Amino acid sequence: MFNANKPDSSELPSTGRLLKSTGIAVVIASALLVTVVLPAEYGVDPTRAGSLLGLTEMGRIKMQLAAEAKAEEASVQPAPVAPAAVVAAPAAGVASETVLGVRTDETVLTLAPDQGAEIKLVMEEGARVAFTWTSSGGAVNFDTHADRPGTPYHGYGKGTEQRVEGELVAAFTGSHGWFWRNRTGEPVTITLRTTGAYSEVKRVV
Amino acid sequence: MTATTHRWAAWLRTPGGILVLGLLILFLNGLLTAALAHGVADGDKGYIQETSGFLFWPFLYLGAKHMVTGYDHLLFLLGVIFFLYRMKDISIYVTLFAIGHSSTLLLGVLTDVSVSSYLVDAIIGLSVVYKALDNMGAYQRWFGFQPNTKAATLVFGLFHGFGLATKLQDFNMSPDGLIGNLLAFNIGVEIGQLLALGAILIVMGFWRKTSSFWRHAYTANVVVMTLGFILAGYQLVGFFVA
């Protein structure tokens, strides 16, 4: 009836052996739970094994991202929170250097340890912006990306650097910019200089 | 209480019933969390998007976690070893499955082949259906011959690997350290598979010793097949709706 050979009972493992295997499984599972799963999921690391393997950082980041997501959900998107609070002091005093739709801005922001921030430029498809950003402290994580209604994420590149100079070419009409996360353990100041065709600098996070 | 419900209640108390029930819970949990997942990346995806460079142990862990919590792969694995009790046979089939999914996992990510994850996951659901029917002896009864079970395990392994690759591509891994992280993930997948296999084999070992195994083997495969159909349907609808 089945696609199977019926085993002789002598071919099957004995109950004692199965019970022993169950015991071993419980021991292995408990050990992995404490040394690997708890650090990697919750940043809880009683044995320090997780820190050794780099898993505790994963758990810490996950917990933090979850807390941030929860906080974001709780604050029911209050109308644009004064983006000017941190952002956009037009460079060198000369009020908006708008020559043929080209403008220049210098944006300075400070990131506490583990804090993240995101600056986006409103750009038309194909528009170009030359940019330079530097971190006053060590290298920070960055993710250069874009979004628009219907496209929540379009990546241009990411990594860990102290200074990046480049050109951003808008893949579509929408918001294009940088997300930084300070994992250095010390506060850092990020200075972003942008020159090109964009209509607005906004702080998203 | 009718005789039928009584038989079902008895079946649910067997180790096999508990195993299938456990997978069912994992399965529903997976469906629900997938449905609730929102655009903001947190959890594993958020972590991967925020990191770059070679991170051996974290990616090894993520590979193992993906396998241990991946109900689709576990269901197929359960189907494959359902009637296998000799360690030699088990290792041959599991190795074939591993060769299959490793090659397409590596190839898929490195060549950046983009296949619809819905279609791949639908085929993975159908692989579960196929294996359950295979166990029930359906092909021998319907077509009068037995398709090669080793070849089927290898070929479906290739599809499972594509499924893994589309998940990883969705994670937007940094190109910095990609190959090392990918290999770590793959090693993790195999470790996770062995851990899950160990647990499945122990439960099956207990069940196989009871007389209820042969009485309920057919029903168990019908349940596995049903889950496979749900998976395939869920993914196919996703392909057209999402």
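List of remarks:
- From the list A:33, A:38, A:52, the one residue that fits, being at the interface with chain B (Cβ under 9 Å from one of its Cβ atoms) and of a type in the set (A, V, I, L, M), is A:52.
- Wholly enclosed helices (runs of 4 or more DSSP H) of the range B:89-192 bearing at least 2 residues closer than 21 Å to residue B:59 by Cα: B:149-170
- Set A:105, A:143, A:147: member being surrounded by 17 or more Cβ atoms within 10 Å (Cβ to Cβ), farther than 26 Å from residue B:42 by Cβ and not hydroxyl-bearing (Ser, Thr, Tyr): A:105
- Residue in the range B:26-36 that is surrounded by fewer than 20 Cβ atoms within 10 Å (Cβ to Cβ), at pLDDT below 75, of a type outside the set (A, V, I, L, M, F, W, C) and over 18 Å from the mean Cα position of the chain (by Cα) present: no
- Residue within the range A:121-133 that is outside the structural domain of residue A:62 (by TED's automatic domain parsing), of a type in the set (Asp, Glu) and modelled with pLDDT under 90 present: no
- Considering the conditions (1) buried (at least 22 other Cβ atoms within 10 Å of the Cβ); (2) within 12 Å of chain A (Cβ to nearest Cβ); (3) among the aliphatic types (A, V, I, L, M), residue B:128 is excluded by exactly one of them, (2).
- The set of residues from the range A:165-180 being part of a strand (DSSP E or B) and surrounded by fewer than 17 Cβ atoms within 10 Å (Cβ to Cβ) comprises A:165, A:166, A:167, A:169.
- Selected residue (criterion: farthest from the chain's Cα centre (by Cα)) from residues of the range A:150-166 that are within 19 Å of residue A:192 (Cβ to Cβ) and among the polar types (S, T, N, Q): A:162
- Residue B:176 being of a type outside the set (Gly, Ala, Ser) and facing chain A (nearest Cβ under 10 Å): yes
- Residues in the range B:49-73 that are surrounded by 20 or more Cβ atoms within 10 Å (Cβ to Cβ) and polar (S, T, N, Q) were compared, and the one that is nearest to the other protein chains (Cβ to nearest Cβ) is B:52.
- Close contacts from the range A:139-156, counting a first residue that is within 9 Å of another protein chain (Cβ to nearest Cβ) and a second that is surrounded by fewer than 13 Cβ atoms within 10 Å (Cβ to Cβ) and outside any strand (DSSP E or B), with Cβ to Cβ under 6 Å and a gap of 6+ residues or different chains, come to A:152/B:39.
- From the options B:200, B:191, B:187, residue that is more than 13 Å from chain A (Cβ to nearest Cβ), surrounded by fewer than 22 Cβ atoms within 10 Å (Cβ to Cβ), among the β-branched types (Val, Ile, Thr) and out of contact with any Pro (no Cβ under 9 Å at 6 or more places or on another chain): B:187
- Restricting B:162, B:156 to residues that are at pLDDT 95 or above and either surrounded by 15 or more Cβ atoms within 10 Å (Cβ to Cβ) or within 14 Å of chain A (Cβ to nearest Cβ) (or both) narrows the list to B:156.
- Lone qualifier among A:169, A:188 - being hydrophobic (A, V, I, L, M, F, W, C) and within 20 Å of the chain's Cα centre (by Cα): A:188
- Test: residue in the range B:139-149 that is crowded, with 16+ Cβ neighbours inside 10 Å and at pLDDT 90 or above: yes
- Scanning the range B:71-88 for residues that are part of a helix (DSSP H, G or I) and more than 24 Å from residue B:230 (Cα to Cα) yields B:87, B:88.
- Residue list for the range A:145-170, restricted to those being at pLDDT 90 or above and either among the β-branched types (Val, Ile, Thr) or not assigned by TED's automatic domain parsing to the domain that holds residue A:112 (or both): A:164, A:169
- Only residues that are modelled with pLDDT of 85 or more and at the interface with chain B (Cβ under 9 Å from one of its Cβ atoms) were counted across the range A:5-18, and they come to 4.
The values are calculated or read from the model by the stated rules, or taken from the named source; none is laboratory data. Just so it is clear, the model here is predicted, and its values are computed rather than measured. Here Cβ is always computed from backbone atoms with ideal geometry, including for glycine, and neighbour counts include all displayed protein chains.
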